[in-house]
Each structure stands twice: as structure tokens, then as C-alpha cells.
Amino acid sequence: MADTLVAPHEAEHDPHLRHHFANADQQLDSATLGMWTFLITEVLFFGGMFTAYVIYRSLYHDAFAATSMVMNVPLGGINTGVLICSSLSMALAVRAAQLGQRKAQIISLLLTMFFGVVFLGVKAYEYHEKYIEHLIPGPNFQFPEAPQYFHNAQILFFLYFAMTGMHAVHMIIGLGLLTFLLIGAYRSKYGPTYFTPVEMIGLYWHFVDVVWIFLFPLLYLIGHTK
Amino acid sequence: MATLATRPTGYSDAPSEEEPLNYLNATHGWKSWLLTVDHKRIALLYLFSITLMFFMGGTFAILVRLHLTSPNGLFSPEVYNRLFSMHGIVMVFFFLVPSIPATLGNFLLPIMIGAKDLAFPRINLLSWYIYVLGAAFAIYAVARGGVDTGWTFYTPYSTTYSNSYVLAAAFGVFVAGFSSILTGLNFIVTVHKMRAPGMSWGRLPLFVWAHYATGLIQILGTPVVAIALVLVGMERVMHVGIFDPRVGGDPILFQHIFWFYSHPAVYIMILPGMGIISEVISCFSRKRVFGYDFIAASSMGIAVLGFLVWGHHMFITGESMYTGVVFSFLSFFVAVPSAVKVFNWMATMYKGSVTFDSPMLYAFAFIGLFTIGGLTGLYLSTLATNVTLHGTYFVVAHFHFVMVGGMVVAFLAGLHFWWPKITGRMYNEPWAKFAALLVFLGFNLTFLPQFILGYLGMPRRYSAYPPEFQTLNVLSSAGATVLGVAFIIPMIYLTYAWFFGPKVGKNPWEAKGLEWEVASPPITLNFEKTPTVTEEAYNYGPVEEVIG
Amino acid sequence: MLANLSPLADFFLASEIASKQGSAIDELWWFETAVTVVMTVLIFVGIAIFAYKFRKRPGVQATQIEGSTFLEIGWSIFPFLVMLVMFWWGADLFYAAQTPPKDAMEVFITGKQWMWKVQYPNGYREIDALHVPVGQPVKLTMASEDVIHSFSIPAFRVRHDVVPGTYDTLWFTPTKPGTYHLFCTEYCGNQHAHMIGYVTVLERADWEKWSGGGGAGGSLTEQGQQLFTQNGCSTCHLLDQQGRCPILRNLYNKPVQLADGRTVLADDAYLRESILMPNAKIVAGFEPNIMPNFQGQLSEEQVIQLIAYIKSLSPATPTSQQGSQQPPVVIAPKAKPAPTVKTIASIQ
């Protein structure tokens, strides 16, 4: 990159310090504010869909409750547990990076990625289930469990796929970011003086987890009586 | 790694001994531009791309106005509908929203606060590539035949009935939105964390305040339109969705989500322009800006209030009377900070020492045209008159007055004001004055008749119209031709100046501000040494008078 | 006070005003125009004067002034007060436009790409044209069969979006006989610019002549009754005793208790939803999933006819009164009235 022209300066400084920053603190501060600002944009992004969900739930209360009956609560519950564990392993990865523990970093990051992959696998299975049961809105949609809600149920399922789908996209991006961290951890890039990427991506991962914590009760649990 | 003092050997086109290193000549080759992280070079990359998009959108505009010279038009309705839609989409999302922040904002913000670059230079470059990707999708949509939903993508037409390239266009806008979000994010973090010692919030140039407020809107509003477009795209693919009345969906919900962003978006467009005007008026009156605190506060106030008024686009959709009353009231409320700015700018000229260089002429034009645009917005905030004017040419005239008469004119003011700083050379002033006058005349001839057309009832987005409207339409189209020429003239002399204009020193305008204390053009890292700020902004002299 | 302005308005720049609320709205429009012109002139002249008076002169320095809180408050509050006048005035007129008088004549409009289909209570239908008598309040109930349209009569200063999936209404009282433009003003596709027509306001006597007969199929109410029988509604919705379905007599515009506890008003929109999406709202004490839904099987116009019939089962509704005031149905096709001269010259 053309970050090659710099003012004459002491050769001795943190190699991770980018030249437009005055010191490492300013760099870490900026990164933290930047990531939190980005997460706020994500709140607004998912917020649009949550708003639509709230509005339609209040309009079509019974139809939405009926759709909870066909959601796979056990699988959703497993996914919730998996994600919570992944947040734990992510937090451990950040801790390991702060302490400069290379092996612990690698194991924690691998665990986090493993949990993420499990989550996506379960999700893929659920989507497949929905496909077989004709619960994808559109010309093939069927809802024999409560045919009186045939129309309005499609609204819920549309939101289901939109919200969990968008969440899954964020998980996939997160897996990519974790791969990047894994490579860095393998190369011993992160330690007590520089662990910013691990912490920032950790924040992102936790956020994606929190979104699921909201999605699960709204889509699976409310109205589910069995 | 090269240091400042020396150049790498082996360049056959090394500059002469006298030309100092600056951000333009420090490195050569296309890779040094396409992989740059220098905010100034990225600003120029943006300038190049948005100018291209401006010309594309402008070509559509000329074709639209050409079509409207006769009641039955030149093109088929299909073509016309795509022309006005693509004009709107390209101009709003690929020109107006990024323009000032991504070019002048990118270039000047770090320098104005005494920083070496933005907080996240690589994200800055990424934002340009994202913009280019979005623009590529938009151009693809145009090449395949365009989209005909209007820039507003209203459902269920866009989701169920349109036979045009909705997905491509919507995706292009979606992608470009991320460019806007990243720019805003960068600006916010930069202003918070990268100010030089002594540069307190109360000493920030008003240009910086404006871009900070704009950044807030960018990060909070853009994600919402992104999700609106995702939902439209999904509904188009799945052939059913949450905006489809056949399954109990509400088409008006789309409008709420869309306008929740698109109204604040117009403040993304105008606030940076207002920031420029503060800088220009101050310099060419040789005075500190009157009411600095109030102008800074008004920028923040507009950013906040701008999020509370979106329903004024929907008074006649069937939203409840009470909803309408609340939005109408708040829409009037948000007009107050803008009016405050206009009065403060005029007061800045009071007892000043005014010169009439071309940036100042553009600033005058801005104040006049933005005033008309803002005042005509009051008709639209009023519930009863909104009913008669919604969906007519009155609305078209109103928003062109604020967007073109306001924002584009401010952009031109800023380009001219900072061109010597960006390029190190001065442009031809007589041509600039001529172009400013031509812009003003051409613009008024284009859009004033449209207020009358709207009052008479002519609907917008009409490919054909009753013959009694023809005279006013022909006048408007004549104006558009003049305006088109007027926009091309600066392109020519500014480009000419870049290569052949007379060189200037650090401060050709004798203005106050950190950007005028660095070289023209600046060195790559802006400052040889990080400055320490000891005085407030626009310190043209000691305060002599306080009124009231 | 400002009523005198309206005739003035007819002299220059003004577009025809032919409705009561149109005149009222135009007064507000001229007030806003006066404010706009005054402010614009003040600012243009102000800039010119300041630019000239304080132009750079040799030896004269600029005087640095910090600001003035007094001025800031003044020039914030004063414009805001003027705006409050606009706001209040506009909200007041808007409120009046929401509530049609009880004796308003109802006409039903269906918008579809790319035409306006008009149905009168007497069963008469036309396309892209509306005939109304002068001086009589008219309430339009509008539905869309496809996308969002917007019904606009510039000369009456009325407009309302027509959104699919619901009913939208507007009302006006015409004041001047003549022919006026009718436009669709929400972009709706290819032929949006051709979804236009004419509104003809007739003198009372001409109106009686024009509307004297009925449509070939009978009044709206009668057509609705036919549909009610043909589609099997009468097998469940027995007229005088409770069957498996809610009774429809005396239902219109009364509150209804739903199974989920809510209470809603049985207005036109409710009736429409009950026909096209019956499971959206189940009446308390009844089972869901019994009534078939007729979405896709009944057009918006047919739904309007059914609703006219249901309304006729309730006493003292305007439509039912009008229906009963019409002369008996003439099944043989009636000769169309003589075409009215389109006096477009009356439009600016």
C-alpha cells in the first residue's frame, strides 16, 4: 500500500502503530469508537426488520402465534446454546490475545469457529426442513396446520427468512473475520501491546450473538404451546 | 520506504529541483492511486467517479427535458419512465449523497483539524471501491434498459408489477449505501479522536461541524434504507412479501421505512453545503462567522430533527390525522435552524469587507436559491396545501431548488474556493464569474416555471401532459439547456487550470483555517509537524462588537 | 378577510377553483405565497445592500462581531410564529377535509392500471369520467386493484392516494359547473400519464336528467344482492336469524367485538376485509376458517356492490337511502346522456 511516505521519525515505535496516529492509545481509542459506531449501524439495520415484525405481530397476532407451532424449537434452542458458547470462547480468545498466549488464542478461535459452523449447519438443516414442509412463502406455500392463517402466515415466514437469513450472512462474514484472526494468532501477531483486531472482532461476534438472542424468542417461542 | 526529503531514484520524470514534493507528485503510477490510503488522493478518486455519475444523471435530465418540450413527448412512455427514474437514482444516491463529504470532506476534514489523515485510511479507500461497485450495478441496470419505479421504489409496483431491472438498481443503491456509512463512520471517529492539540470542539471550523452532523445521519439513517431495499428485493424474488396486500401486507410500511432514511438523506446532502457556505462567506467578508455557536448547534439540531419528519411525504396515503399533525408541526420546526443559518450568514457580511470572487458569487446564489427552496418546503409541510401540491411539479421544483440551487451550487462554491489548495493552481476568474451567472440564470429559468406548473396541477412523472402546460414546459426545457452548458464550463476551466493554471502559494485567498497554513498542494501527511491550535476559528481580527 | 383574494386569484396565474374547500385552501396558498415572496425579496435585497454597502474599500477594515443572542432568539421565534400560523391553518382545513357531511352523495372509484372505474349508487358506471351535481357534497370511496394510484382533481384542490388492500376516501362540494381535469398522481407504470379523465359538474337540473335512469344491471345495492345470492353468502349469513355466521342486518358502522378481545367498527374497510380475508378478524363467539375467502374471485367493483347491499341492510345510511330513492330498475340498456362539451378553455 502506498503508506510509504512518512515524516522522518524514530525507528523505534510499535510496529503496529499506523503513521497517522500520534500514539497507540489514540489508535486503540479510535478503533473502539469505530467498531461501536459500526455496531450502532447494525442495530439500525436489523431494527428495520424488527420494526416490521412488531407491527405485523400486533396486526396478525393469532396468525403469528400459529406459526410458532411449526418452528423447530429444539433446534433453535441448540443453536442458542451453541452461540452462547461461541461468545464465551470468543471472550476467551480476546483474553488469550491480551495475555499473549498463542496456543490459547488458536484453540479459542478454532472453538468459536466450530460453534459458528455448527450454528450454520443447523440453520441450513432448518431451512431445508422448511423447504420440504412448503413453508417458504410464494407459489408453493402450504399451511395445513392452520389454513385460516394461510395468507398472514406468509408474512411471518417472509420475516423469518429475512431476519434469520440476514443474521446468517453476518455469521458467515464473522467466520471470515475469525479466519483472518486465526492466521494472525498463528503468526503470533497479537499480544499485550496489540490485540485490537481480536477485541474489535470479538465485539462484532458478540453483537451477532445478541441479535440471535432476540430472534429466537420472537420467532420460535412466543405463542408456541406444545 | 521513502522519506520526505528524498525521492526514490530511477524515475525518468522526476520533477525539477524547484517543485517540492506534495501528495500529487510524491508517488507515480496507477497503483499508487488505486491503492492509495491518502485521504486527499481518495478524495480525487471520488471526485472523478461522482463527476462521471453526475454527467450520466445529467444526460438523463437533458433527455427528460427534451421529451417534455412537447405534450406527447419524443420517446415512448416506457423509455421516459426509465429516464426519469434513472435520473433520480443516479443523482440522489450516486451524486448528491456522496458528493461533498466524499470529495471536499475527505480532502479537508483531516487538515482542518490538524490531523495527518482520517482515522481509518484503508476503510476510506474501501468505501471508494464499494461506491464504484454500487455504481457498476447502477450502470449495469441502465445498460440493460433501466428501472422505471422512480427513485422511490414504491411497492407494490416495484415488487410485483414492474418489468424493469429493479433488483440490479436496488442492489446498486444498497451497495452504495455502505460507502456512505463508512464515510460517515470515518468522519465521526476522526473528529472525536484526531483533533490536534488545542483544537477544541468550540474551535472547529463550521465545515467540520457540518460534516460531523452529516456523519451522524449517514450512520443512523442509511442502514434503514438498506433493509428497505433488501425487503423489496426479497419480495421480488419470492413473488410475495410483507408489502403485498394479497397476504395482508401493507405497501405503506415500505414508504415509512424508505422515508425514514430518505428524508434525513436530504440533510446529508445539504448540511455539508451549508458548511462550505460558512467558510466562503467568512473568507470573502474577512470576518468571523456571526453566531458561530448557533450555526454549529443548528447543524446538530437539523441532524436530530431531520429524523422526526419523514411522514410529511405521506400525508395523503391514509395515515391518521393525528400522525399528520405531528409530522407537519415537526416539519415546520426543522425549518427554523436552516433559517437561522441564512440570517447568520447575512449578518456575517454586515460590516465586513466583501469581495466578489467567484466562490462568493456562488455563495450568494446559494443563499437566494436555498431560501426559495426552503420556503416552498413550507407549502409542503402544511397539511392542507400539501394535499394540492403532492405529486405535482411543485414538489419537483422545491427539491431541485434545495438540491441543485442549494447543494450543487455550494459544491461549486467549495470546488472553486479550495481548487488552489487541491491543485496548487488558480483557475480563470472571468470564466468562473460567467459560469456562476449562467448557472444562476439557467437554473431559475428551468425550475421557476415548475412551481407554476405544480400549482396548476400538472402531475410529476408524466410522460405526456395536457397541451395547456406546454409553454411553461418549453421554458423549463430551455433553462435546462442553459444550465447544462453552465455546468460544463467549470469542468473545462477547472481541468485546464489543474494542468496549466498559474501556481499559487499557501494562502491565495488570505483566509483563516489550518488548511491555508499548509502548502498548496499539501504534502502527503499534510503537516510537517502537528500544529497546536491557539485561536478560535475565523480569527480575522479581535472581536470589537457584541450586539445584544 | 381573505375571501376577497380568491377572485383576485382568478385573474393571474391562478388555476380554476371549483370547490368550496378549494377556495379555502387557495386562501392559505396565497398567504404562504405572500410570506415566500416577502422573505425572498428581503433576503435578496438584504444581500445586495450588504454586498454593496460593505464591499471592500481601501483603508476600511472589517469589524469583527461575535454574534447576538438577542438577534438569534428573535429571528428564530418570529419565523416560527409565522410558521405556526401556516401549520394551524393548514391542519384546520385538513381536518375539515377528513369528515364528509352526512348527506354526502357516495360515489365509488376503482383504480387499476391504467383507468379510473366509477360506480354510482344507481348502478351507472363510467370510465375516466365523473359527473357530479353542483352544490352537493360528494364522497368518493376508492379502491385499487393493483398498485398505489392517487386520485386528484386540481380544480377542487383534492387528492388522495388509492392504496391496494384498503379503502381511501375524499370528499368535496363542487361550486361551479364545468369540466375539470382528473389526474392520477402516483406513478403507477407505463401509462400513468394516461390515467386521466374529466370531472363534469352539472347544474342541478342537468344532473337530474343525466342520472335519472340507472345502470343496466340495476342499482349498486341490487347488484350487490345478486352477488350475495350467487356466491352463496345467503346460505350462512341468514338475514333474520343467527346462523353459523354473524348477522349482517344493522351491522354497518356499528362496533363489533372480536374473538381476540378487540372492538372494531364495521365500516367499509372492515366489510371489505371480511369478504377478502375473513380470517383476519374473527367475531367473538364464531369459529375461524368457516367462511371461504373470496380474494381473487371478486373484483374490487364487485366488493363495492356487496358492501352497498350490506349497507342497505342497516337503517339510515346515505347509500341505502339513495338506493331506495332511485326509480325502479330498468333492465333494458338506457341511452347514454348527450356528451357534455369539454370546456377545456375553462382550465388555465
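Since every read-out is calculated from the coordinates, none of them should be taken as a lab result. Small disclaimer: the values here were computed from a predicted structure and weren't measured. Every residue, glycine as well, gets a Cβ built from its backbone with ideal geometry; the counts of neighbours run over all protein chains shown.
Quick notes
- Cysteines in chain C lacking any other cysteine Cβ under 4.7 Å from their own Cβ: C:CYS184, C:CYS188, C:CYS233.
- Set of lysines with alpha-carbon distance to A:LYS123 below 26 Å, sequence-local pairs under 8 removed: A:LYS226
- Unit charges at the beta carbon, dipole of region A:20-220: most positive-side option, A:THR51, A:HIS134, A:THR32: A:THR32
- Translational diffusion coefficient (Stokes-Einstein; Kirkwood radius from C-alpha pairs) of region B:95-243 at 20 °C, 1.002 mPa s, in µm²/s: 129 µm²/s
- Between the C-alpha center of region A:171-226 and that of region B:389-433 there is a gap of 45 Å.
- Reference-scaled alpha-carbon Rg (2.2 N^0.38 Å with N residues) for the protein assembly as shown: 1.02
- When the listed pairs B:LYS40/B:LYS506; B:LYS341/B:LYS529; C:LYS20/C:LYS117; A:LYS130/C:LYS112; C:LYS112/C:LYS254 are checked against a 28 Å cut-off, the alpha-carbon distance exceeds it for B:LYS341/B:LYS529; A:LYS130/C:LYS112; C:LYS112/C:LYS254.
- Stokes-Einstein diffusion for region C:130-183 at 10 °C, viscosity 1.306 mPa s, with a Kirkwood radius from C-alpha pairs, works out to 134 µm²/s.
- FRET efficiency estimate (nearest 0.05) - Cβ-Cβ, B:HIS239 to B:THR471, R0 41 angstrom: 0.35
- Over chain C, dividing the summed -39,500 (n - 2.57) contributions of all DSSP H runs of at least 4 residues by the number of residues returns a 222 nm mean residue ellipticity of -11500 deg cm²/dmol.
- 10 Å Cβ shell holding at most 14 others, DSSP loop, GluC sites (Glu not before Pro): longest site-free stretch of chain B: B:19-509
- Neighbour cut-off at most 13 other Cβ (10 Å), DSSP loop, GluC sites (Glu not before Pro), region C:137-234: C:GLU203
- Note: relative contact order over chain B, using C-alpha pairs below 8 Å and six or more positions apart, is 17 percent.
- Coil-residue chymotrypsin sites (Phe, Trp or Tyr not before Pro) of region C:17-86, DSSP, other Cβ within 10 Å capped at 10: none
- Rg/Rh for region C:220-321, where both radii come from Cα atoms and Rh is the Kirkwood radius: 0.92
- Residue among C:ASP168, C:ASP206, C:ASP260 with the largest mean-square fluctuation in a Gaussian network model of chain C, springs linking Cα atoms under 10 Å: C:ASP260
- Signed unit charges on C-beta, dipole axis of chain C, positive-most listed residue C:TYR120, C:MET86, C:THR185: C:MET86
- For B:GLU319, neighbours were defined as the other residues whose beta-carbon sits under 12 Å from its Cβ, and their charges (Lys and Arg +1, Asp and Glu -1) total -3.
- Helical runs (DSSP H, four residues minimum) scored at -39500 (n - 2.57) apiece and divided by the length of chain A put the mean residue ellipticity at 222 nm at -25500 deg cm²/dmol.
- The GNM of chain A, with springs linking C-alpha atoms under 10 angstrom apart, assigns the highest mean-square fluctuation among A:VAL43, A:VAL208, A:VAL94 to A:VAL43.
- Computed 3J(HN,Hα) for region B:112-118, one whole-Hz value per residue from the Karplus formula 6.51 cos²θ - 1.76 cosθ + 1.60 where θ = phi - 60°, is 5, 9, x, 9, 8, 6, 6, glycine and proline marked x.
- Modelled spin labels at A:HIS128 and A:VAL54, positioned 7 Å past Cα toward Cβ, are 3.7 nm from each other.
- Built amide H within the under 5 Å cut-off of C:VAL162, gap 5+: C:HIS149, C:SER150, C:PHE151
- Between region C:104-162 and region B:270-285, the Cα center-to-center distance that results, in Å: 50 Å
- Axis angle, to the nearest 10 degrees, between helix C:20-53 and the longest C-alpha principal axis of chain C: 20 degrees.
- Near A:TYR194, no amide H atom lies under 5 Å from its own; only residues 5 or more places off or on other chains count, and H is placed 1.01 Å from N.
- Karplus-derived 3J(HN,Hα) values for region C:108-113, using 6.51 cos²θ - 1.76 cosθ + 1.60 with θ = phi - 60°, are 10, 10, 10, x, 8, 4 Hz; glycine and proline are entered as x.
- 10 Å-binned pair-distance histogram of chain B (Cα, whole percent): 4, 18, 29, 27, 15, 6, 1, 0
- Point-charge dipole on Cβ atoms (K/R +1, D/E -1) for region B:35-516, about Cα centre, debye to 20: 1220 debye
- Residues in region B:291-297 carry Karplus couplings, in order, of x, 3, 4, 6, 5, 4, 5 Hz; the curve used is 6.51 cos²θ - 1.76 cosθ + 1.60 with θ = phi - 60°, and Gly or Pro positions show x.
- Region B:54-117, relative contact order in percent, only Cα pairs under 8 angstrom and at least six apart counted: 36 percent
- Student exercise, region C:220-321 dipole from Lys, Arg, Asp, Glu Cβ charges, in Debye to nearest 20: 220 debye
- The separation of region A:135-149 from region B:41-84, counted between C-alpha centres, amounts to 44 Å.
- Simple Cβ-charge dipole of the protein assembly as shown, Lys/Arg +1 and Asp/Glu -1, about Cα centre, in debye nearest 20: 900 debye
- Calculated over region A:53-128, the projected area of the Cα convex hull averaged across directions stands at 6.4 nm².
- Normalised contact order of chain C, rounded percent, pairs of Cα under 8 Å and 6 or more residues apart: 17 percent
- Label-point separation, B:LEU74 to C:SER234 (7 Å along Cα→Cβ), nm: 6.2 nm
- Equivalent ellipsoid dimensions for chain C as semi-axes, Å, which come from the Cα gyration tensor, largest first: 50, 27, 17
- Residue among A:ILE78, A:ILE55, A:ILE201 with the largest mean-square fluctuation in a Gaussian network model of chain A, springs linking Cα atoms under 10 Å: A:ILE55
- Kirkwood-Stokes translational diffusion coefficient of region A:20-220, alpha-carbon pairs, 25 °C, 0.890 mPa s, µm²/s: 133 µm²/s
- CD proxy at 222 nm, helix term only [per DSSP H run n ≥ 4: -39500 (n - 2.57); per residue of chain B; nearest 500]: -21000 deg cm²/dmol
- Scanning chain A for GluC sites (Glu not before Pro) that sit in a DSSP loop and have at most 12 other Cβ atoms within 10 Å, the longest stretch containing none of them is A:13-226.
- Loop-resident trypsin sites (Lys or Arg not before Pro) (DSSP state other than H, G, I, E or B) in region C:63-135 with no more than 14 further Cβ atoms inside 10 Å of their Cβ: C:LYS102.
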